[in-house]
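In what follows, a structure is listed as structure tokens, so that the remarks can point back to it.
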Amino acid sequence: MGITVDVTYKSLNKYSEILCGDTVELLKTEDSDVMILADGMGSGVKANILSTLTAKILGTMFLNGATLEECVETIMQTLPICQIRQVAYATFSILQVFNNGEAYLVEYDNPRCIFIRDGEVIKIPRNTRVVQDKEINELRFTVKKGDALILLSDGTIHAGVGKSMTFGWPWKDIAEFVVRQREHAISSIRLAAAVCEECDKLYEGKPGDDTTVAVMQIIDRRPVHLMTGPPVDRDDDERIISEFMKDETASRIVSGGTSATILSRELGRPLKVSMDYTDPEIPPIAYMDGIELVTEGVLTLSRVVDILNRFVEKKDLSYDFFKELDKNNGASMLAKILIEDCTELNLYVGKAINSAYQNPGLPFDLGIRQNLVEQLKHTVEEMGKTVTVTYY
């Protein structure tokens, strides 16, 4: 079985700045996942441009087989030179993890990568190379399931300077903080958010520098099967259920009352509807043996898409966001699964028109359910997960 990763990031803008001077690129190849963190010099618009160009150049060239020397040379020749410091580009870190467990790490002037294994901080050795007169750490190693690798911008280690911490937050203390957080089997996004939240506290709510935490954890494969909508032809009921139920490792979710009724009939399993309205805007969930979650359809999926969009934009990954994600309603429960417990999503979509939601005269692809499915697919793909859709 190949390596599967849970990868994401969280940033804090320097106080009073609209744009972040750090940029993260999360890329996928056929045999690897790549995480690039670039930290632009200074802050604001200028730093944002520098870091964005650096990350984009590195990502594009890296995926097209360019050598490290070629990447660095291109960055130096492309980006403007700071008239004060006479330096041309952002600092950066590149982490590539292959499906066979091999890892490749490149670091230039960013804080060292934090590598956690079996609840301990593993020291990554230094292997310094000089590229275009710059000292760059480059090495290869092997990862395994349960490992965590965290890339940091220097806003993390500067947290609290001149305020709550005289000399900032030492790298060693950050690593120990990560170890303590991971004692609770935390997801990558909660881990990144926890470190950023601690930095924000040390900055007393006014970050003195752009701060970014990018996390990659090696996890088990977690496929999710989601069925919504009845097939156009009732003779396809058996087929959609059969394909939905395949793969014993998958978590199964049903969204829609008609879909749940079909599943109950075909499997011969009773459907028990909860009468607990924890959120007046979201219909209650139901229960069925062997199914992780049964929800209402359109209203629930609409709220799920809204939550996922907020996650993708990463503008509000605060305590309140995770509090909503932990709520006991169908939309929050479904969104939480897709964000924290899903590596690939398989959608089984019935194309029958529901007259309760739309004008039967409209073609299916203009219908509400179809629109929500397309939004869901697009958003989950933006989260870096593979999505397949099968229509019936």
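The values are calculated or read from the model by the stated rules, or taken from the named source; none is laboratory data. Quick caveat, the model's predicted, so the values are computed rather than measured. Positions of Cβ are generated from backbone atoms using ideal geometry, with glycine treated the same way; all protein chains shown enter the neighbour counts. Heavy atoms of the whole protein, side chains included, go into the accessibility calculation; ligands, DNA and RNA do not. Shrake-Rupley method; radii C 1.70, N 1.55, O 1.52, S 1.80 Å.
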### Message
Within region 256-281, name every residue whose backbone N is under 19 Å away from a label modeled 7 Å from Cα of residue 390 along the Cβ vector.
### Response
256, 259-268
### Task
In whole Å, largest first, what are the principal axis extents of the Cα atoms in region 215-373?
46, 36, 31
### Query
For Rg/Rh (Cα atoms, Kirkwood Rh), which listed value, (i) 0.99; (ii) 1.07; (iii) 1.02, comes from the coordinates shown?
(iii)
### Message
Give me the extension gain from residue 368 to residue 123: residue separation times 0.36 nm, minus the current Cα-Cα distance, reported in nm with one decimal.
### Response
83.0 nm
### Query
Measuring from a point 7 Å past the Cα of residue 167 along Cα-to-C-beta, which residues in region 109-123 have an amide N at less than 17 Å?
111-112
### Task
Sticking to Cα atoms, compute the Rg of region 128-189 to one decimal and its Dmax as the biggest Cα-Cα distance, whole number, in Å.
15.4, 43
### Query
Ignoring ligands, DNA and RNA, what percent of the 1.4 Å accessible area of the chain is carbon and sulfur?
49 percent
### Query
So which trypsin sites (Lys or Arg not before Pro) in region 52-159 pass both tests, a DSSP loop state and at most 13 other Cβ atoms within 10 Å of the Cβ?
85, 123, 126, 144, 145
#### Entry: Those residues of region 255-278 whose amide nitrogen sits under 18 Å from the label point placed on residue 327, 7 Å along Cα→Cβ
274-278
### Task
Would you tell me the accessible area of residue 61, worked out with a 1.4 angstrom probe on the heavy atoms of the protein chains, in Å² to the nearest 10?
40 Å²
### Task
Scan the chain and hand back the longest stretch that contains none of the GluC sites (Glu not before Pro) lying in DSSP loops with at most 11 other Cβ atoms within 10 Å.
31-247
### Query
If we count every other residue with Cβ under 11 angstrom of residue 128's Cβ, Lys/Arg +1 and Asp/Glu -1, where does the sum land?
0
### Query
Could you give the length gained on full extension between residue 139 and residue 309, defined as 0.36 nm per residue of separation minus the Cα-Cα distance, in nm?
57.6 nm
### Query
Once you list every other residue whose beta carbon is under 11 Å from the beta carbon of residue 305, what net charge do they have if Lys and Arg are +1 and Asp and Glu are -1?
+1
### Task
Please go through region 262-329 and write out the trypsin sites (Lys or Arg not before Pro) that DSSP classes as loop and that have at most 12 other C-beta atoms within 10 Å.
315
### Summary
For 378, 158, 225, 184, the accessible-area ranking with a 1.4 Å probe, largest leading, is 184, 378, 158, 225
### Task
Please go through region 205-251 and write out the trypsin sites (Lys or Arg not before Pro) that DSSP classes as loop and that have at most 16 other C-beta atoms within 10 Å.
221, 246
### Query
So what's the back-of-envelope 222 nm ellipticity for the chain, counting only DSSP H runs of four-plus at -39500 (n - 2.57) apiece and dividing by all residues, rounded to 500?
-10500 deg cm²/dmol
### Derived scalar couplings ³J(HN,Hα) [region 7-21; Karplus, 6.51 cos²θ - 1.76 cosθ + 1.60; whole Hz; x for Gly, Pro]
10, 6, 7, 9, 10, 10, 6, 4, 3, 6, 8, 7, 9, 8, x
### Message
If you restrict to DSSP beta bridges whose two residues both lie in the chain, what percentage is antiparallel, to the nearest 5?
### Response
70 percent
### Solvent-accessible surface ranking, highest first, for 8, 388 at 1.4 angstrom
388, 8
### Message
For the pairs 123/385; 14/172; 336/377; 56/145, flag any whose C-alpha to C-alpha distance is greater than 27 Å.
### Response
123/385; 56/145
### Query
Top to bottom by accessible area (1.4 Å), largest first, where do 368, 174, 3 land?
368, 3, 174
